[in-house]
């Protein structure tokens, strides 16, 4: 019997109420703590509005999608043991996994900021991601730098 693929195991996420966007709903789900979805929803909507206002944009969704695009990694490194030594081997990342890292990094970096409400911190992180600065973008750059540094070991990926 053939194995199940990961695509068939993924759960379908419905679009959010305000923007009818699955991406916004995924950010809400990542931001949620202890199952308090309404609280997370309110914070994310507030953050999107603030970010759009800061960047003088009419559409908060465009700002959010630009930030996501800037933060999504295209490579990652995985540790692999070859002949008694561990090598960090770069692998390309596709689709949902790219977005998973982007959402996780944005939420984590927003939570690490201090001195204001969560929606303000998330808005700042979104603005920074649009401007290619901030913690989440730095994390992506570090990941790409690590993959580039270990490019010599890429042939072990096929072994």
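Please specify each residue of the range 71-83 satisfying the condition of being over 12 Å from residue 125 (Cα atoms) and touching a helix residue (DSSP H, G or I) at 6+ places or on another chain (Cβ under 8 Å). Write out each step before concluding.
Within the range 71-83, the subset over 12 Å from residue 125 (Cα atoms) is 72-83.
Passing the criteria: 72, 73, 74, 75, 76, 77, 80, 82.
Looking only at residues in the range 108-156 that are touching a residue at least 40 places away in the same chain (Cβ under 8 Å) and not in a helix (DSSP H, G or I), which one is surrounded by the most Cβ atoms within 10 Å (Cβ to Cβ)?
The qualifying residue surrounded by the most Cβ atoms within 10 Å (Cβ to Cβ) is 150.
What are the residues in the range 86-107 that are free of Cβ contacts under 8 Å to residues at least 24 places away in the same chain and in a strand (DSSP E or B), if any? Before you say what the answer is, go through the steps one by one.
The first filter runs over the range 86-107 and keeps only residues free of Cβ contacts under 8 Å to residues at least 24 places away in the same chain, leaving 86, 92-95, 97, 100.
The answer is 86, 92.
From the list 35, 46, pick out the single residue that is surrounded by fewer than 18 Cβ atoms within 10 Å (Cβ to Cβ) and part of a helix (DSSP H, G or I).
Values: 35 fails: part of a helix (DSSP H, G or I).
Unique residue meeting the criteria: 46.
Which residues, counting only those in the range 1-29, are touching a residue at least 12 places away in the same chain (Cβ under 8 Å) and within 19 Å of residue 94 (Cβ to Cβ)?
Kept after step one, since they are touching a residue at least 12 places away in the same chain (Cβ under 8 Å), are these residues of the range 1-29: 10, 13, 16-19, 21, 23-29.
Within the range 1-29, 10, 13, 23, 26 qualify.
If I go through the range 19-29 residue by residue, how many of them are surrounded by fewer than 16 Cβ atoms within 10 Å (Cβ to Cβ) and over 18 Å from the mean Cα position of the chain (by Cα)?
1
Here, each number is a calculation from the coordinates, and none is a lab measurement. The structure displayed is predicted, hence computed values, not measured ones. Glycine also receives a Cβ, built like all others from the backbone with ideal geometry; neighbour counts cover every protein chain displayed.
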